[in-house]
Amino acid sequence: MLQASPRSEGECVTASIPLTHDCITPADQSPSAGSSINILALAPPAALRQAVIRPTLAYLGVTSAAAENLLLGTLLTMASLPEGKQPPGGIGPFGISHQVHERIWDDYLATNPDQASLIRGLASQRCFLRDPHAELGYNFAYATAIAWLVYQQHLTELDEDLSIADLAQLWQSLYPHRDGVPADFLSSWNRADDHRPAALAFSP
């Protein structure tokens with residue numbers, strides 16, 4: 001069962017990261033399984049990279065253009081995957097299910113207490129204790145961090161020289177979906193034309 005220690009009263013870790021919440025939504029309106037969100041309808045990819053993905057990774061001690069590209073590509077892909085390829089029970093902009101969320105906490109963060117404390121610091125003070133899975137839908141910084149851990153638990157390092165095609169392969173092999181293929185990642189990346197230098201465009 002997903003468990004975490006509450007952060008201390010004086011701890012403040014999310015002030016500079018937008019799209020978080022602190023128990024502003026009633027319990028009966030928590031995001032349900034299968035309630036994925038197309039966050040791209042709210043902000044362009046470049047803004048999401050600069051305002052959420054980059055600062056969240058930096059908070060976790062990760063400074064990596066490849067990691068940013070992997071998470072942004074994942075976000076773009078999950079926003080455009082057809083329903084038949086979406087992971088069962090996915091919640092929020094990264095489409096993370098209850099089961100994946102619990103495995104991250106129980107199988108990975110349980111053995112990494114320092115990182116678990118960082119992740120808990122991104123969650124809301126009260127709502128996480130009542131409904132931790134709701135953070136995946138309402139707290140963009142927290143969902144971004146969990147999406148990164150989906151990859152990090154399998155990676156010893158991420159080569160900065162990885163191409164977008166290489167990142168597409170990582171998404172296919174490591175991220176939850178149903179029969180997704182690298183072309184899904186690549187086409188989503190190329191459709192969003194304001195998030196990267198032209199040199200990073202990829203033609204399959």
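Remarks
- With respect to the conditions (1) surrounded by fewer than 17 Cβ atoms within 10 Å (Cβ to Cβ); (2) at pLDDT below 75; (3) aliphatic (A, V, I, L, M), Ala43 falls short on a single one, namely (2).
- Pro82 being over 21 Å from Leu158 (Cα atoms), buried (at least 17 other Cβ atoms within 10 Å of the Cβ) and over 13 Å from the mean Cα position of the chain (by Cα): no
- Residue within the range 101-117 that is small (Gly, Ala, Ser), out of contact with any strand residue (DSSP E or B) (no Cβ under 9 Å at 6 or more places or on another chain) and crowded, with 22+ Cβ neighbours inside 10 Å present: no
- Residues that are hydrophobic (A, V, I, L, M, F, W, C), modelled with pLDDT of 95 or more and not in a helix (DSSP H, G or I) occur in the range 56-64; there is at least one.
- Residue within the range 10-24 that is touching a helix residue (DSSP H, G or I) at 6+ places or on another chain (Cβ under 7 Å), hydrophobic (A, V, I, L, M, F, W, C) and either modelled with pLDDT of 95 or more or in a helix (DSSP H, G or I) (or both) present: no
- Residue satisfying all of: in the range 138-186; among the small types (Gly, Ala, Ser) and free of Cβ contacts under 8 Å to residues at least 60 places away in the same chain; nearest to Thr77 (Cα to Cα) among these: Ala183
- The test for being surrounded by fewer than 19 Cβ atoms within 10 Å (Cβ to Cβ), without any contact (Cβ under 8 Å) to a residue 12 or more places away in the chain, in contact with a Gly (Cβ under 9 Å, 6 or more places away or on another chain) and among the polar types (S, T, N, Q) does not hold for Gln50.
- Screening Ala67 on (1) within 23 Å of Asp166 (Cα to Cα); (2) part of a loop (DSSP other than H, G, I, E, B) shows it passes everything except condition (2).
- Selected residue (criterion: surrounded by the most Cβ atoms within 10 Å (Cβ to Cβ)) from residues of the range 124-137 that are within 17 Å of Val100 (Cα to Cα) and in contact (Cβ under 8 Å) with a residue 24 or more places away in the chain: Leu136
The values are calculated or read from the model by the stated rules, or taken from the named source; none is laboratory data. Keep in mind that this is a model prediction, so the values were computed, not measured. Because the Cβ atoms are built from the backbone with ideal geometry, glycine has one as well, and the counts that use them run over all protein chains shown.
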